[in-house]
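Report on the structure given below.
The values are calculated or read from the model by the stated rules, or taken from the named source; none is laboratory data. Just so it is clear, the structure is predicted and the values come from calculations on it, not from any experiment. Cβ atoms come from the backbone with ideal geometry, glycine included; neighbour counts cover every protein chain shown.
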Amino acid sequence: MTRIVQRKSGTPLSADALGQLEKLRRSKRKIDLSDQPELDDQFFSRAVRNPYVKPVKEQLTLRLDADVIAWARRKGPGYQTRLNSALRALMLKDLEQTSRRTRQKAS
């Protein structure tokens with residue numbers, strides 16, 4: 001699935017942490033993953049979005065029909081959030097359909 005939400009990096013790693021990562025990278029030891037289940041399509045089909053992560057918002061100018069704006073505002077405060085939710089649901093449905101078509105072509 002295409003990654004839609006992008007996040008900015010958090011706090012940079014310290015020199016000590018970078019050194020530890022470099023030491024691990026150079027290590028010849030393999031990490032034992034035998035107790036880890038493989039993440040297959042069934043796993044991802046049951047996955048849910050993290051409810052604690054806030055998507056990055058981007059401000060833009062968007063022209064909408066006056067009746068669409070009136071309809072959204074009629075339900076009171078929070079109309080921009082409701083419009084965003086409706087667009088997100090449409091986006092996710094489209095991505096799922098595209099993914100399904102791609103899998104069917106691969107079969």
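Worth a mention:
To keep it simple, each residue is scored yes or no on (1) over 18 Å from the mean Cα position of the chain (by Cα); (2) exposed (fewer than 10 other Cβ atoms within 10 Å of the Cβ); (3) free of Cβ contacts under 8 Å to residues at least 12 places away in the same chain.
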| site | (1), (2), (3) |
| --- | --- |
| Glu22 | yes, no, yes |
| Ser45 | no, yes, yes |
| Arg63 | yes, yes, yes |
| Ala72 | yes, no, yes |
| Ser107 | yes, yes, yes |
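- Any hit, the range 30-41, residues being closer than 18 Å to Ala89 by Cβ and at pLDDT 85 or above: no
- Within the range 55-77, the set of residues being in a loop (DSSP other than H, G, I, E, B) and touching a helix residue (DSSP H, G or I) at 6+ places or on another chain (Cβ under 6 Å) is empty.
- Put simply, of Asp35, Asp67, Asp40 the only residue that is of a type outside the set (S, T, N, Q), exposed (fewer than 10 other Cβ atoms within 10 Å of the Cβ) and more than 30 Å from Ser99 (Cβ to Cβ) is Asp67.
- Condition broken by Lys93, with the remaining ones in (1) assigned to a loop (DSSP other than H, G, I, E, B); (2) without any contact (Cβ under 8 Å) to a residue 24 or more places away in the chain satisfied: (1)
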